[in-house]
């Protein structure tokens, strides 16, 4: 009865018979709520940490991917230019070969005339020997 | 021949190099768009920055002030002209100080060139103007103006003409205001570069149609290259005009003056914007598009004589190969080899400081003497001595290294002499003058003094090429020359008193050479290869000359062949494409020459009988008449079927006196005046008159008769007979006058003639010793 009266006055007793202003039930729920909230905040923090880790990781991957991509493009360009370079080199070598060919042709002509001279001279020697 | 190129690993300039220029044989200046002027010393292999130009000066062209000014030679060039893209040209000293900057053109100044004596500078620009400036940079005149930029300009050999580009056209403009301009379309693309050589008077042009071409100064095309992959950006003549260099993208080419290419190099240079030859003509430098300066020197030149083959393997080393036994000798020199010549059993080599003389018998101990001046531009050999030409003069040395003489004539310019315009024999030196190309100066080699009365030999048109014969007596020295119309003439070098005839012996002659062992002349005439076995025949019996020739179709030589050498019976000709052609001519004419020169007429006749060749007989006939050996001449003429001449020779032999025989031999060769003079000197007046009568030279006959007051009636009688035979009337005033009151009495005349002949016979009998020896008298 007293309890009821006190309750109306806003006073309560807990199990340990201590005088309380708040209803023990409410108080207990509050405490529980507080605990739950704390746990929630912790979890959120952990989540945030995880997410940031993840983002970092992805960023790194993206960077690596970008690098590789540029490398690939570079390699492709190099390949293209090498064909061009080779072409130029080939052209240069062709020019050098053409030059050597003309020189060869000159030597061939000279050789032919020398052969002709040899034939002439042999003929002359023969003629000379037979006539003597 | 080949180019040995050298390129630094890293370019010294940061931007493209636009121009290069040599100061000495071992020092080069280069200018680049990074505003630096760098000096390259090739002896120490150093490159130092001389100056840094202001940031707004982008150099385009540089040209050093010429070294020889008005005959006085400076040891080194002191300043140069640099043209730049801001429309100015700058005179810059050797130390790099800008002495003067002159506002010259609107837009870039594309080229600037000093003339040969350094009295004028020409600049051309993007605004299409050509301006002439004084030595100090004062504007003299604006020579021409056109709507398109002028990319390149060059002075003519005499500094009186200018060659410049106008789009695809080349234009030669004389400095005189109203002189005729020569203009022709030269390329299918824009012409980028031209050069004009002062020694051979040939023009080089290069253009965006990827070709380079060689022209003569009349604008005739001598050579056109094949199309290259890239535009030709530079061309440059070597000073002596024997070689030129061509530059293009990654390309450097060395070419002969006739256009064909000796060697091709593909260095990693980018485009070669400018090429410069060093003064001694052994090195070139190129301004490269990638900031490099490329150096190249010419190696592997070859000299061949008989069984020796000499190659310049390195700059200072020669390899001598004796083809007969494959023996190889190495010749080492202290300095760079500049010029060499191998002939007449001697090798003469000039380096930058010394001259070496080797005998082919002994390669180990050359004779060495110091040269006064480094750059020998020409070595010419004869059997007994040789000749060096440098910027200062002409020097004759014996093979023992002794200076014999140094001929000079007023206004002599030695820097433009080449093998075509100077000729040497054992006793005579001939030089064609540059200031008057119709004139040939002749010198005695032993004294260096002008020959005879000192008057030079002059011809009616410009002379292109001269050559002296090498053998025989000094009195019979002959010179042949080709004139502007490509006609070949022969004349005697000795000219005492009376004018020697200049006789034409060939037309359209491209090239010629005398044989080294006897006076046989070889040449290429139009489409035929011709050998004049005995050119002297024109002085003996002109009609005989065609019979003394050896001719052969020369179409295999293509156009413009050049005779390289004529040694023994072997003639070497270089075709326009550069290939050498060796040909053998018959050895008999040479043997015949030898017999005749030692008066072995019996042997000569036997040789001709053995060979059974009409040409050889014709040569012998001419030689015999020239030596006045009428017996041999009679046999030779009989062998070639010239019966009329045999008869005449027979009649000469019957003549009573030595004098009339000689006179008739002279008559036989067509020397009427000489014959007459000889007879008159001998007092044989009647015979002289009779000669003129026989030639229907009535006036002269009468003149002689009147002068000596004898045989006037004889002349008149013959004249009357001549007129009667042809049914004509006397119209000559002098004969009419003399005929008055003179009765022609044939009996009397005949008696008189008989008397004269008897008198001559008597005279001859009085001096029988002389009569017996009417043979050779040199």
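Does at least one position in region B:582-593 carry a residue that is within 30 Å of residue B:214 (Cα to Cα) and either surrounded by fewer than 20 Cβ atoms within 10 Å (Cβ to Cβ) or touching a strand residue (DSSP E or B) at 6+ places or on another chain (Cβ under 7 Å) (or both)? Don't jump to the end; show me each part of the working.
Step one: list which residues in region B:582-593 are within 30 Å of residue B:214 (Cα to Cα), which gives B:582-583.
The next check asks that each one be either surrounded by fewer than 20 Cβ atoms within 10 Å (Cβ to Cβ) or touching a strand residue (DSSP E or B) at 6+ places or on another chain (Cβ under 7 Å) (or both); those that pass are B:582-583.
Among the residues of region B:582-593, at least one is within 30 Å of residue B:214 (Cα to Cα) and either surrounded by fewer than 20 Cβ atoms within 10 Å (Cβ to Cβ) or touching a strand residue (DSSP E or B) at 6+ places or on another chain (Cβ under 7 Å) (or both), which makes the answer yes.
Scan the strands (runs of 3 or more DSSP E) fully inside region B:411-471 and keep the ones with 2 or more residues being farther than 21 Å from residue B:484 by Cα. Steps first, please.
On the way: elements: B:422-424, B:428-432, B:439-444, B:463-468.
Result: B:428-432, B:439-444.
From the list A:114, A:104, exactly one residue is part of a helix (DSSP H, G or I), within 26 Å of residue B:1 (Cα to Cα) and facing another protein chain (nearest Cβ under 9 Å). Which is it? Show your work before the answer.
Numbers: A:104 fails: facing another protein chain (nearest Cβ under 9 Å).
Only one candidate qualifies: A:114.
I want to confirm something. Restricting to region B:103-149 and keeping residues that are in a loop (DSSP other than H, G, I, E, B) and under 33 Å from the mean Cα position of the chain (by Cα), which single residue is surrounded by the fewest Cβ atoms within 10 Å (Cβ to Cβ)? Lay out the reasoning, then the answer.
As a first pass, look at region B:103-149 and keep what is in a loop (DSSP other than H, G, I, E, B): B:104-108, B:115-119, B:126-128, B:135-138, B:146-149.
Narrowing further to those that are under 33 Å from the mean Cα position of the chain (by Cα): B:115-119.
Numbers: B:115: 19, B:116: 19, B:117: 16, B:118: 18, B:119: 13.
My answer is B:119.
Say whether the condition of being crowded, with 17+ Cβ neighbours inside 10 Å and in contact with a helix residue (DSSP H, G or I) (Cβ under 8 Å, 6 or more places away or on another chain) is met by at least one residue in region B:333-353.
Of the residues in region B:333-353, the ones crowded, with 17+ Cβ neighbours inside 10 Å are B:333, B:336-344, B:346-352.
Checking the rest, the ones that are also in contact with a helix residue (DSSP H, G or I) (Cβ under 8 Å, 6 or more places away or on another chain) come to none.
No: region B:333-353 contains no residue that is crowded, with 17+ Cβ neighbours inside 10 Å and in contact with a helix residue (DSSP H, G or I) (Cβ under 8 Å, 6 or more places away or on another chain).
Mind checking which residues of region B:546-588 are without any contact (Cβ under 8 Å) to a residue 60 or more places away in the chain, in a helix (DSSP H, G or I) and more than 30 Å from residue A:102 (Cα to Cα)?
B:546, B:588
Go through A:127, A:131 for me and flag whichever is more than 8 Å from chain B (Cβ to nearest Cβ) and modelled with pLDDT under 90. I'd like the intermediate steps shown before the answer.
Details: A:131 fails: more than 8 Å from chain B (Cβ to nearest Cβ).
Just a single option satisfies the conditions, and that option is A:127.
For residue B:263, work out the one condition from (1) closer than 25 Å to residue B:192 by Cβ; (2) surrounded by fewer than 17 Cβ atoms within 10 Å (Cβ to Cβ) it doesn't fulfil.
(2)
Based on this model, can you work out whether residue B:591 counts as without any contact (Cβ under 8 Å) to a residue 40 or more places away in the chain, within 35 Å of the chain's Cα centre (by Cα), outside any loop (DSSP other than H, G, I, E, B) and within 14 Å of chain A (Cβ to nearest Cβ)? Spell out how you get there, then give the answer.
Working: without any contact (Cβ under 8 Å) to a residue 40 or more places away in the chain: yes; within 35 Å of the chain's Cα centre (by Cα): yes; outside any loop (DSSP other than H, G, I, E, B): yes; within 14 Å of chain A (Cβ to nearest Cβ): yes.
Taking the combined requirement at face value, the residue satisfies it.
Against the definition (part of a helix (DSSP H, G or I) and touching a strand residue (DSSP E or B) at 6+ places or on another chain (Cβ under 9 Å)), how does residue A:61 come out, yes or no?
no
Out of the residues in region B:560-576 that are within 11 Å of another protein chain (Cβ to nearest Cβ) and surrounded by 18 or more Cβ atoms within 10 Å (Cβ to Cβ), which is farthest from the chain's Cα centre (by Cα)?
Step one: of region B:560-576, the residues within 11 Å of another protein chain (Cβ to nearest Cβ) are B:569-575.
The next check asks that each one be surrounded by 18 or more Cβ atoms within 10 Å (Cβ to Cβ); those that pass are B:569, B:571-575.
Numbers: B:569: 22, B:571: 18, B:572: 18, B:573: 16, B:574: 17, B:575: 18 Å.
Here the residue is B:569.
Those residues that are at pLDDT 90 or above and not in a helix (DSSP H, G or I), I need them from region B:600-612; list them, please. Spell out the reasoning first.
First, pick out the residues of region B:600-612 that are at pLDDT 90 or above: B:600-609.
Scanning region B:600-612 gives a single hit, B:600.
Could you check region B:533-559 and list, in sequence order, the residues that are touching a strand residue (DSSP E or B) at 6+ places or on another chain (Cβ under 8 Å), over 28 Å from residue B:307 (Cβ atoms) and either buried (at least 18 other Cβ atoms within 10 Å of the Cβ) or within 11 Å of chain A (Cβ to nearest Cβ) (or both)?
Residues satisfying the conditions are B:535, B:536, B:538, B:539, B:545, B:548, B:549.
Could you give every pair whose Cβ atoms fall below 6 Å, whose first residue belongs to region A:78-101 and is more than 9 Å from chain B (Cβ to nearest Cβ), and whose second residue is at pLDDT below 90 and part of a helix (DSSP H, G or I), counting only separations of at least 6 or pairs across chains?
Here the result reads none, with nothing in region A:78-101 linked to a residue that is at pLDDT below 90 and part of a helix (DSSP H, G or I).
Against the condition touching a residue at least 40 places away in the same chain (Cβ under 8 Å), closer than 30 Å to residue B:578 by Cα and under 27 Å from the mean Cα position of the chain (by Cα), how does residue B:172 come out, does it pass?
On the way: touching a residue at least 40 places away in the same chain (Cβ under 8 Å): yes; closer than 30 Å to residue B:578 by Cα: yes; under 27 Å from the mean Cα position of the chain (by Cα): yes.
When the stated conditions are applied, residue B:172 passes them.
Which one of the conditions (1) more than 14 Å from chain A (Cβ to nearest Cβ); (2) buried (at least 16 other Cβ atoms within 10 Å of the Cβ); (3) more than 25 Å from residue B:478 (Cα to Cα) does residue B:602 fail to meet, given that it meets all the rest?
Answer for residue B:602: the failing condition is (2).
Does residue B:194 satisfy the condition of being at pLDDT 95 or above and more than 14 Å from chain A (Cβ to nearest Cβ)?
Numbers: at pLDDT 95 or above: yes; more than 14 Å from chain A (Cβ to nearest Cβ): yes.
Here the answer is yes, as residue B:194 does meet what is asked.
Can you tell me which residue among B:234, B:227, B:271 is surrounded by 20 or more Cβ atoms within 10 Å (Cβ to Cβ) and within 14 Å of chain A (Cβ to nearest Cβ)?
Working: B:234 fails: within 14 Å of chain A (Cβ to nearest Cβ); B:227 fails: surrounded by 20 or more Cβ atoms within 10 Å (Cβ to Cβ).
Step by step, each of B:234, B:227, B:271 is checked, and only B:271 is surrounded by 20 or more Cβ atoms within 10 Å (Cβ to Cβ) and within 14 Å of chain A (Cβ to nearest Cβ).
Within region B:340-351, is even one residue part of a loop (DSSP other than H, G, I, E, B) and closer than 29 Å to residue B:510 by Cβ?
Initial filter on region B:340-351 (part of a loop (DSSP other than H, G, I, E, B)): B:344-345.
Add one more test, that the residue is closer than 29 Å to residue B:510 by Cβ, and what stays is B:344.
Yes, there is a match, as at least one residue in region B:340-351 is part of a loop (DSSP other than H, G, I, E, B) and closer than 29 Å to residue B:510 by Cβ.
The values are calculated or read from the model by the stated rules, or taken from the named source; none is laboratory data. Keep in mind the model is a prediction, meaning the values are calculated, not measured. For neighbour counting, all protein chains shown are included, and Cβ atoms are generated from backbone atoms with ideal geometry for every residue, glycine included.
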